[in-house]
Amino acid sequence: MEHAEGAPPEELDKEELNLLCWCAGLLIGEGRSALPLLALVRRARCSSLDPKVVARHIFEAAMLSRDQDAAAWESIWPAARGPLEEFLPALEAQAGTPHLADHVLSRLKGMILLASTTWGRAIADLEPRGPDQQALREAQGRVDVLEATSARQAVDLEAARRMRREDNEEWLRRVENLARTGDRLQADLEAARRMRRKDNEEWLRRVENLARTGDRLQADLQSAETELRRRLEALEARRWVRIGRLLRALPPQSTD
């Protein structure tokens, strides 16, 4: 069953915005601003609002607010023009329907001229009849189809551009993250190099200290060996003196 779970969100938004246009027509018909109404449906979005439907709602509601027929549009146009030209661009921006304001305003002006007691008859006389009228209607139908297709293509193009911007932003974030990561790695590498240099310098100082200590120990050892030989030689000389005395190899020591 179609819409078994309810109408799609965009269809609901379309109905909400169409009803808003009717209410806006009531205010515009009195020469009042309809902008405050948009705040009541600020979340509503519809990329396929029909300019013909919007124009008809505003056209009929404006006359209802004054309890007059369509011919009165000619007299209220000066007062309604400002609120109308203020409301339509804001509606287009909020709904997201491309070129909505221009199309609605163009159709409204045509409807007002046709309803005018001054210009309506002249415009009606200029309209083609018979086969020409049928051909014109068919051409208008093709124009409507082209406008709808153009609107959908414009929406698709904007969606593609938005997706491309988002992709570009995502890649830019990735590049920035990689750049920051590279900076951190470079800083860590430089810190490791500094630490390695400090460690190498520390080990070099230790090796130099050990070398100097070894030199001092070598010198001390040589001095000790020299002193030891000297003492051994002195000891050896005294020992032989004593042995000689014992063997009476030396004359007795004088008692004087």
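The values are calculated or read from the model by the stated rules, or taken from the named source; none is laboratory data. Everything numeric in this text was worked out from a predicted model, so none of it was measured. Please note: Cβ atoms are built from the backbone with ideal geometry, for glycine as well, and neighbour counts cover all protein chains shown.
Here are the numbers for this structure:
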item: Qualifying position, being in the same structural domain as Gln94 (by TED's automatic domain parsing), under 17 Å from Asp102 (Cα atoms) and not basic (Lys, Arg), among Ala79, Ala71, Ala55, Ala61; result: Ala55
item: Members of the range 100-115 found to be touching a helix residue (DSSP H, G or I) at 6+ places or on another chain (Cβ under 7 Å) and either in a loop (DSSP other than H, G, I, E, B) or farther than 20 Å from Ala39 by Cα (or both), listed by number; result: His103, Val104, Leu105, Arg107, Leu108, Met111, Ile112, Leu113, Leu114, Ala115
item: Options Leu49, Leu91: the member that is in contact with a Cys (Cβ under 9 Å, 6 or more places away or on another chain) and outside any helix (DSSP H, G or I); result: Leu49
item: Qualifying positions in the range 79-95 - surrounded by fewer than 16 Cβ atoms within 10 Å (Cβ to Cβ) and either under 13 Å from Glu30 (Cβ atoms) or in contact with a Pro (Cβ under 7 Å, 6 or more places away or on another chain) (or both); result: Ala79, Gly82
item: Complete set of residues in the range 61-86 that are assigned to a loop (DSSP other than H, G, I, E, B) and within 18 Å of Cys23 (Cβ to Cβ); result: Asp67
